[in-house]
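One structure is given here, and the rest of the page talks about it.
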Amino acid sequence: MTDALVQVSDVHKVYTRGAERVDVLKGLELEVRRGEFLALMGPSGSGKTTLLNLIGGLDKPTSGRVTVGGRDLTRASSRDLARWRAQHVGFIFQFYNLLPVLTAARNVELPLLLTGLSRAERRKHVATALELVGLTDRAGHYPMQLSGGQEQRVGIARAIVNDPTLLLCDEPTGDLDRQTAGEILDLIGELNRRYEKTVIMVTHDPLAAERAGRILHMDKGTLVEAQAA
Amino acid sequence: MKYLPLLWRNLMRRKIRTTFTFLSIAVAFFLFGLLMAIRTGFGVGIELAGQKRLLTVHKMSMIQPLPFRYLAQIQSTPGVRFATHMTWFGGVYQDPKNFFANMAVDPEGILRIYPEFVVDDDDRRRWASTRTGALIGRKLAARFGWKLGDRIPIQPTFFRPKDGKPDTFEFEVVGIYRGATPDIDETQLFFHYKYLMERTGDPGTVGWYAVEVDDPARADEIAHAIDRQFANSPAETKTATEKAFMQSFANQIGDTGAILTAIAAVVFFVILLIAGNTMAQSVRERTSELGVLKTVGFTDLTVMALVLGEAVLLACSAGVVGLALVTLAVPGFAKAVETFLPIFYVPGRSIALGLGLALLLGLASGGVPAYLAQRLSIVEALRKR
């Protein structure tokens with residue numbers, strides 16, 4: 001496969017809890033093309049989120065190699081990974097993970113604090129991101145003053161405010177009703193199509209997975225089946 | 001600065017808890033300021049007393065008088081630049097509770113040996129030429145509302161006039177001195193020794209001698225030389241530096257400095273536990289949020305600095321408030337205790353020390369939570385919701 005943004009080669013991930021050894025990923029191989037929208041499905045405990053964490057540089061494999069945009073994440077230091085994430089990856093979580101003490105705008109601004117942008121420039125970027133997710137009028141609201149869908153939109157705005165290459169979504173609609181979930185998926189789809197973001201989405205929901213260009217199923221730490229959506 | 005809103009918002013997450021912790025720290029620093037003021041009050045005499053000045057007192061007790069004739073012998077002792085005498089009068093103004101130090105002195109001698117008493121030229125002239133004149137400290141004048149020209153009756157306690165006139169000594173306020181620095185006692189009253197002699201018919205004794213030496217390095221040697229002259233006489237002397245006398249006087253009521261330091265240390269230890277507990281709780285409650293910060297690109301060190309910054313912000317802001325309040329309150333306290341502690345203020349170096357302690361408190365209370373936040377695994381943190 002050419003033009004691969006993400007390459008996962010013979011990746012093993014083992015957790016040990018006391019004397020117990022849990023093989024979460026077993027020699028996993030995966031390539032994701034630049035601009036692709038990939039859905040990862042599978043039962044709980046199949047290793048979907050672990051794989052997403054490895055691709056996002058949040059965790060390291062026990063063995064094997066994870067390369068994103070030509071960068072070998074398995075060799076990078078914790079500090080380098082943090083800086084890389086700030087520039088290249090946006091994360092969207094099931095439970096939004098907004099900081100409750102900050103307004104929507106301040107939450108979106110968080111990744112920009114790590115850049116050298118001035119306050120005015122940061123505000124401009126935040127306004128653009130909030131406009132893109134349709135929440136300009138909620139900039140000054142705190143998470144508890146927003147609905148679930150609005151919170152997730154703020155989460156998406158935070159994920160894209162740095163204009164990352166890769167969007168990693170972990171059950172982004174898992175906590176939303178069907179209609180709101182549809183709106184969020186529309187937004188993620190638009191980010192993929194219009195803004196050419198590479199999207200990897202973990203989901204249990206077949207309807208959500210159908211929005212992706214490719215669906216992969218995982219079970220017990222391996223990819224068991226691949227299908228085109 | 002760009003992280004300040006984040007630090008502030010996190011501190012304000014639990015307003016009541018933060019407020020109580022803030023108040024605890026502020027009160028601790030208020031108390032610290034007061035303790036430092038008390039310590040200064042007890043120690044300032046010792047700090048200021050020069051090695052250059054000696055005091056010669058009766059060997060048996062400071063309250064035993066010494067012959068006036070010793071003055072000439074002391075002044076002729078090699079190494080002595082100047083000597084003068086002072087006599088404790090112990091007089092009372094209206095009521096015994098209106099206590100203040102009042103002494104009979106040589107009018108020129110007192111100003112020469114204590115140049116830290118600053119007197120205007122006009123006052124100096126009046127003081128030298130008025131036999132019944134009194135030179136009083138600025139704070140004493142303010143305390144009783146005395147001004148130049150006022151006549152003030154002072155009731156003696158152990159000196160008895162033998163001139164047939166009423167017991168009361170009446171002095172005219174002819175000069176008001178101020179301290180060259182804030183540490184100088186401005187609550188004393190001095191009057192002419194000759195006036196005391198006239199009224200009491202005293203055979204010629206004084207309370208003690210204040211002696212200025214040429215070379216402070218030879219102070220001990222000169223002190224011994226003075227005492228040797230009066231050895232085996234009916235009034236043997238004990239001479240030591242003014243600082244040694246002050247220290248010995250302070251020691252009679254215990255090692256005040258050590259006691260106050262111990263109290264301050266206990267207070268700060270308790271506050272450290274309170275602030276540390278607040279920070280630990282605060283970090284525990286938002287483990288997943290710290291995970292989110294790391295996820296979006298905050299490095300381990302930045303997250304550690306944020307947690308530490310919160311603790312420092314809390315401790316320093318509370319410390320500054322506590323120190324500011326005590327600085328404002330001390331003049332009020334000073335009035336209440338000026339009878340016992342004429343010098344009562346928070347020195348600048350204590351304020352600086354307090355600010356340093358506030359910073360240290362912040363670093364110490366936030367140290368462990370910050371370290372744990374730095375070590376926090378993102379994956380583990382995101383699981384805790």
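The values are calculated or read from the model by the stated rules, or taken from the named source; none is laboratory data. Quick caveat, the model's predicted, so the values are computed rather than measured. When we count neighbours, we look across all protein chains shown, and the Cβ atoms used for this are built from the backbone with ideal geometry, even at glycine.
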- request: Could you grab me the full set of residues in the stretch B:285-320 that are touching a residue at least 60 places away in the same chain (Cβ under 8 Å), charged (D, E, K, R) and within 10 Å of chain A (Cβ to nearest Cβ)?
  value: B:286, B:294, B:300
statement: Residue count, the stretch B:366-385, condition within 11 Å of chain A (Cβ to nearest Cβ) and hydroxyl-bearing (Ser, Thr, Tyr), comes to 1
- prompt: Among the residues of the stretch A:87-138, how many are within 15 Å of residue B:3 (Cβ to Cβ), facing chain B (nearest Cβ under 9 Å) and touching a Leu at 6+ places or on another chain (Cβ under 6 Å)?
  reply: 1
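Taking the stated definitions as given, is residue B:16 in contact (Cβ under 8 Å) with a residue 12 or more places away in the chain and outside any strand (DSSP E or B)? Outline the logic, then answer.
Numbers: in contact (Cβ under 8 Å) with a residue 12 or more places away in the chain: no; outside any strand (DSSP E or B): yes.
In short, no.
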- request: Of the conditions (1) in contact with a strand residue (DSSP E or B) (Cβ under 8 Å, 6 or more places away or on another chain); (2) surrounded by fewer than 17 Cβ atoms within 10 Å (Cβ to Cβ); (3) assigned to a helix (DSSP H, G or I); (4) among the aliphatic types (A, V, I, L, M), residue B:217 clears all except one; give me its number.
  value: (1)
task: Evaluate the following for residue B:237: is it closer than 21 Å to residue B:64 by Cβ, of a type in the set (Val, Ile, Thr) and in contact with a Pro (Cβ under 6 Å, 6 or more places away or on another chain)?
output: no
- request: For residues that are without any contact (Cβ under 8 Å) to a residue 24 or more places away in the chain and of a type in the set (D, E, K, R), tally how many sit in the stretch B:336-354.
  value: 1
- prompt: Which residues, counting only those in the stretch A:57-86, are more than 11 Å from chain B (Cβ to nearest Cβ), farther than 16 Å from residue A:165 by Cβ and polar (S, T, N, Q)?
  reply: A:62, A:63, A:74
task: Determine whether the stretch A:214-229 contains at least one residue that is touching a helix residue (DSSP H, G or I) at 6+ places or on another chain (Cβ under 8 Å) and either among the charged types (D, E, K, R) or within 20 Å of residue B:296 (Cα to Cα) (or both).
output: no
query: Name the strands (runs of 3 or more DSSP E) wholly within the stretch A:167-229 that hold at least 2 residues that are closer than 18 Å to residue A:5 by Cα?
result: A:198-202, A:214-219
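For residue B:36, state whether it is assigned to a strand (DSSP E or B) and away from every other protein chain (no Cβ under 14 Å).
Working: assigned to a strand (DSSP E or B): no; away from every other protein chain (no Cβ under 14 Å): yes.
Answer is no for this residue.
So which of B:81, B:69 is touching a strand residue (DSSP E or B) at 6+ places or on another chain (Cβ under 8 Å) and modelled with pLDDT of 90 or more? Working first, answer last.
Values: B:69 fails: touching a strand residue (DSSP E or B) at 6+ places or on another chain (Cβ under 8 Å).
The conditions single out B:81.
Identify, from the list B:171, B:82, B:99, the residue that is assigned to a loop (DSSP other than H, G, I, E, B), closer than 23 Å to residue B:208 by Cα and out of contact with any Gly (no Cβ under 6 Å at 6 or more places or on another chain).
Working: B:171 fails: assigned to a loop (DSSP other than H, G, I, E, B); B:82 fails: assigned to a loop (DSSP other than H, G, I, E, B).
Result: B:99 is the single residue among B:171, B:82, B:99 that is assigned to a loop (DSSP other than H, G, I, E, B), closer than 23 Å to residue B:208 by Cα and out of contact with any Gly (no Cβ under 6 Å at 6 or more places or on another chain).
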message: Among the listed residues B:213, B:206, identify the single one that is under 27 Å from residue B:139 (Cα atoms), touching a residue at least 60 places away in the same chain (Cβ under 8 Å) and of a type in the set (Val, Ile, Thr).
response: B:206
message: Considering only residues that are farther than 13 Å from residue B:192 by Cβ and not in a loop (DSSP other than H, G, I, E, B), which ones fall in the stretch B:116-137?
response: B:117, B:118, B:121, B:122, B:123, B:124, B:125, B:136, B:137
statement: Among B:63, B:46, B:74, B:16, the single one that is modelled with pLDDT of 95 or more and away from chain A (no Cβ under 14 Å) is B:74
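Filter the stretch B:19-35 down to residues that are among the hydroxyl-bearing types (Ser, Thr, Tyr) and touching a residue at least 24 places away in the same chain (Cβ under 8 Å), then give me how many there are.
First, the residues of the stretch B:19-35 that are among the hydroxyl-bearing types (Ser, Thr, Tyr): B:19, B:21, B:24.
Add one more test, that the residue is touching a residue at least 24 places away in the same chain (Cβ under 8 Å), and what stays is B:21, B:24.
Number satisfying all stated conditions: 2.
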- line: Per the list (1) surrounded by fewer than 17 Cβ atoms within 10 Å (Cβ to Cβ); (2) of a type in the set (Ser, Thr, Tyr); (3) part of a helix (DSSP H, G or I), residue check on residue B:61 breaks on (3)
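Answer yes if at least one residue in the stretch B:256-276 is under 30 Å from residue B:27 (Cα atoms), among the polar types (S, T, N, Q) and part of a helix (DSSP H, G or I), and no otherwise. If you could, list the steps in order and put the result at the bottom.
Let us first name the residues in the stretch B:256-276 that are under 30 Å from residue B:27 (Cα atoms), namely B:256-276.
Going one step further and asking which of them are among the polar types (S, T, N, Q), we end up with B:256, B:261.
Retained after the next criterion (residues that are part of a helix (DSSP H, G or I)): B:256, B:261.
Scanning the stretch B:256-276, I find at least one residue that is under 30 Å from residue B:27 (Cα atoms), among the polar types (S, T, N, Q) and part of a helix (DSSP H, G or I), so the answer is yes.
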query: Assuming residue A:89 fulfils every condition listed in (1) more than 17 Å from residue A:167 (Cβ to Cβ); (2) of a type outside the set (Gly, Ala, Ser); (3) surrounded by 21 or more Cβ atoms within 10 Å (Cβ to Cβ) apart from one, which condition is it?
result: (1)
query: What number of residues within the stretch A:18-73 satisfy the criterion of being within 19 Å of residue A:215 (Cβ to Cβ), touching a Ser or Thr at 6+ places or on another chain (Cβ under 9 Å) and assigned to a loop (DSSP other than H, G, I, E, B)?
result: 5
message: Within the stretch A:146-157, does at least one residue satisfy the condition of being facing chain B (nearest Cβ under 10 Å), part of a helix (DSSP H, G or I), closer than 19 Å to residue A:97 by Cα and free of Cβ contacts under 8 Å to residues at least 40 places away in the same chain?
response: no
